[in-house]
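Remarks on the structure that follows.
The values are calculated or read from the model by the stated rules, or taken from the named source; none is laboratory data. Because the structure is a prediction, the values reported are computed rather than measured. Positions of Cβ are generated from backbone atoms using ideal geometry, with glycine treated the same way; all protein chains shown enter the neighbour counts.
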Amino acid sequence: MWIVIGVIVAIIVILGIWAVTAYNGLIKLRNLVQEAWHQIDVELKRRHDLIPNLVETVKGYAAHEKGTLEGVMQARSAAMAGGAGPAAAAQNENMLTQALGRLFAVAEAYPDLKANQNFLALQNELAATEDRIAAGRRYYNANVRQLNTKVETIPTNIIAGIAHITRAEYFEVEEQAQREAPSVDFSTGGSAGPAGRAGAPAGGEPGSPVSPPSTSPVSPPSTSPEGPAR
C-alpha cells in the first residue's frame, strides 16, 4: 500500500517539476520575442527619423519631383503609425522600402545630388540602419519560431494553453518588396534598382527559410553604437 502511494507521489512530483520547467521555458521564449521586437522597433524609428532630412536634401536638387517626394513622406507616416502587430508593421515597412526605391532611382539623374556630402552621410546611415534591422529581424524570427514550435507541439502545448501563451507573429519582408528595395550606394555611380539595398547582409531575408533553431535561446545580434539612440 505504501509503495503504491509512494509511486503516485513520485509521479506527481515529477509531473509538477516538468510543468514548472515547461512553463518557465515558455515564459523565457516569450520574453525573448518581446525583447527582440523592441530592438527592431528602435531601429525602425531611427530609419523613420532619417527620411525627412533625406527628402529635404533631394528636394534641393529635384524639387519638381513632387509626387515621388510626397509618396515617401506618406509611406513614412503609414510606417510610423505601425500596425496591430509585427505582420502589419512589416507591410507598412514594405511600402516605405518601395517608396525609397523610387526616390533613389530619381536621385540617379542628378550627379550633383549624388556627390552631396549630406546626402552621402544620410545614405551611409540609412544603409547601416538597414543592416541592423535585417540582423534584428533574423534574431526575432528565430525566437518566434522556437516559441511557436513549443506552443504547437505536445506536451508543451498543454502548458501553453493553460497559461494562455499563444503564437507570435513573424516580421517578414515580402518578396516584391525585396525585389524593389533600393540600392543606396551612389559613391560609385551605380544604378539603383531591384538589386537590393546596399549593405544588406547576404543570405536569408525574411520570407526565406531559416535554418532550424537550436534548443537553446538564440543569442541576440551585436549592436552598433552608430546613430542616435531613441
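Which residue, of 125, 108, is acidic (Asp, Glu) and within 18 Å of the chain's Cα centre (by Cα)? Steps first, please.
Numbers: 108 fails: within 18 Å of the chain's Cα centre (by Cα).
None of the others qualify; the one that does is 125.
In summary, residue 29 fulfils each of the numbered conditions (1) at pLDDT below 95; (2) closer than 27 Å to residue 145 by Cβ with the single exception of condition (1).
Select from the stretch 134-165 the residues that are outside any loop (DSSP other than H, G, I, E, B) and either more than 26 Å from residue 39 (Cβ to Cβ) or among the small types (Gly, Ala, Ser) (or both) and list them in ascending order. First the steps, then the outcome.
Kept after step one, since they are outside any loop (DSSP other than H, G, I, E, B), are these residues of the stretch 134-165: 134-152, 156-163.
Within the stretch 134-165, 134, 135, 136, 142, 157, 158, 159, 160, 161, 162, 163 meet the criteria.
Figure legend. Inter-residue proximity from the stretch 82-109: first residues of a type in the set (Val, Ile, Thr), second residues part of a helix (DSSP H, G or I), beta-carbon distance below 6 Å, spacing 6+ or different chains. Indicated pairs: 97/177; 106/68.
Residues that are in contact with a Lys or Arg (Cβ under 6 Å, 6 or more places away or on another chain) and either under 30 Å from residue 157 (Cα atoms) or of a type in the set (Val, Ile, Thr) (or both): does the stretch 84-99 have at least one? No, the stretch 84-99 contains no residue that is in contact with a Lys or Arg (Cβ under 6 Å, 6 or more places away or on another chain) and either under 30 Å from residue 157 (Cα atoms) or of a type in the set (Val, Ile, Thr) (or both).
Of the numbered criteria (1) charged (D, E, K, R); (2) touching a residue at least 24 places away in the same chain (Cβ under 8 Å); (3) surrounded by fewer than 18 Cβ atoms within 10 Å (Cβ to Cβ), the one residue 152 fails is (2).
Does the stretch 46-94 hold any residues that are among the basic types (Lys, Arg) and at pLDDT 90 or above, and which are they? Reasoning before the result, please.
If we filter the stretch 46-94 for residues that are among the basic types (Lys, Arg), which is where we start, we get 46-47, 59, 66, 76.
Once the filter is applied, which keeps residues that are among the basic types (Lys, Arg) and at pLDDT 90 or above, the stretch 46-94 yields 46, 47, 76.
Selection of first residues in the stretch 69-81 that are among the β-branched types (Val, Ile, Thr) and of second residues that are surrounded by 14 or more Cβ atoms within 10 Å (Cβ to Cβ), restricted to Cβ pairs under 6 Å at least 6 apart or on distinct chains, gives the following pairs, ordered by first then second residue: 72/55; 72/99; 72/103.
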